[in-house]
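Enquirer: Pasting in a structure now, in structure tokens, and then I'll have a few things to ask.
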Amino acid sequence: MARLRRQFTNARTLALTYDDGPCPVMTPQVLDLLQRRSAQATFFMLGGRAQSHPEITQRVVREGHSAGCHTSRHLNAWKTLPSSAVSDIRDGYEQLAPWVASDGMFRPPYGKMTLPTYREIRRRGASVWWWTVDSGDTNETLPRIGDIVDAVRKQGGGIVLMHDLDRGLQRNQFVLDLTEALLDVAARESLQVTPLIQAMS
């Protein structure tokens with residue numbers, strides 16, 4: 001994690017990442033906002049949801065955002081059978097095959113991996129992407145947007161974890177407002193906003 005933080009700080013780069021979609025309400029709203037601001041982001045998608053909303057998944061890719069695998073059903077590798085966790089990864093990549101390569105980027109649900117899931121990712125040659133700033137948008141009590149923005153400013157960039165999951169008006173609006181605020185601070189601080197696929201090159 002420290003190495004990842006240094007990599008983005010040294011390059012003064014900010015990556016906006018969204019997990020758990022695509023969802024019919026929130027994902028299009030995030031995409032609309034990014035389009036208005038001429039910004040690109042990274043979406044770690046669940047295969048099952050991508051299959052249910054292929055038109056939204058296609059829009060993510062068509063508009064130049066990075067797409068990665070977040071498994072099929074979002075199983076916690078620490079709380080399920082190893083074979084089930086590995087199958088969840090394989091199913092996710094299979095369902096996302098029209099949009100994500102078999103060795104495409106991966107982010108583990110809950111940030112949890114085990115030796116079997118690590119071996120599966122190594123076997124397919126995929127890269128695992130964590131985050132350097134957690135937006136807290138899944139916390140029981142939402143944090144102050146200013147605190148998240150200040151953390152990014154002090155770090156000089158980083159990878160921000162957010163979720164494009166339909167969870168009601170308040171949480172949806174929090175993610176949209178946070179995205180807007182992060183793009184504002186990036187402009188003020190001369191941070192380069194980039195999808196993760198570009199950060200890899």
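Enquirer: Scanning for something on the phi > 0 side of the Ramachandran plot, surrounded by 14 or more Cβ atoms within 10 Å (Cβ to Cβ) and not polar (S, T, N, Q), does region 22-36 turn up at least one residue?
Expert: Checking region 22-36: not a single residue is on the phi > 0 side of the Ramachandran plot, surrounded by 14 or more Cβ atoms within 10 Å (Cβ to Cβ) and not polar (S, T, N, Q).
Enquirer: Restricting to region 110-131, name every residue that is under 20 Å from H65 (Cβ atoms) and either assigned to a strand (DSSP E or B) or without any contact (Cβ under 8 Å) to a residue 60 or more places away in the chain (or both).
Expert: Within region 110-131, A126, V128 qualify.
Enquirer: Of the residues L115, L183, which is of a type in the set (A, V, I, L, M, F, W, C), farther than 21 Å from L46 by Cα and surrounded by fewer than 19 Cβ atoms within 10 Å (Cβ to Cβ)?
Expert: Matching residue, one of L115, L183: L115.
Enquirer: Take the conditions over 15 Å from the mean Cα position of the chain (by Cα) and among the hydroxyl-bearing types (S, T, Y) and apply them to S84. Does it pass? Before you say what the answer is, go through the steps one by one.
Expert: On the way: over 15 Å from the mean Cα position of the chain (by Cα): yes; among the hydroxyl-bearing types (S, T, Y): yes.
Yes; evaluated as a whole, the condition is true for this residue.
Enquirer: A follow-up question, please. Hey, among S102, S127, S87, which residue is crowded, with 17+ Cβ neighbours inside 10 Å and among the small types (G, A, S)?
Expert: Details: S102 fails: crowded, with 17+ Cβ neighbours inside 10 Å; S127 fails: crowded, with 17+ Cβ neighbours inside 10 Å.
After applying the criteria, what remains is S87.
Enquirer: Within the group L178, L165, L161, which residue is in contact (Cβ under 8 Å) with a residue 40 or more places away in the chain, assigned to a loop (DSSP other than H, G, I, E, B) and among the aliphatic types (A, V, I, L, M)?
Expert: L165
Enquirer: Restricting the search to region 61-89, which residues are over 16 Å from S102 (Cα atoms) and either among the acidic types (D, E) or in contact with a helix residue (DSSP H, G or I) (Cβ under 7 Å, 6 or more places away or on another chain) (or both)?
Expert: Residues satisfying the conditions are E63, R73, H74, L75, N76, A77, P82, A85.
Bear in mind these aren't lab numbers, they're just calculated from the coordinates by the rules spelled out. Just so we're clear, the structure is a prediction, and the values are computed from it rather than from any experiment. Cβ sites come from the backbone with ideal geometry, for glycine too, and all protein chains shown count toward neighbours.
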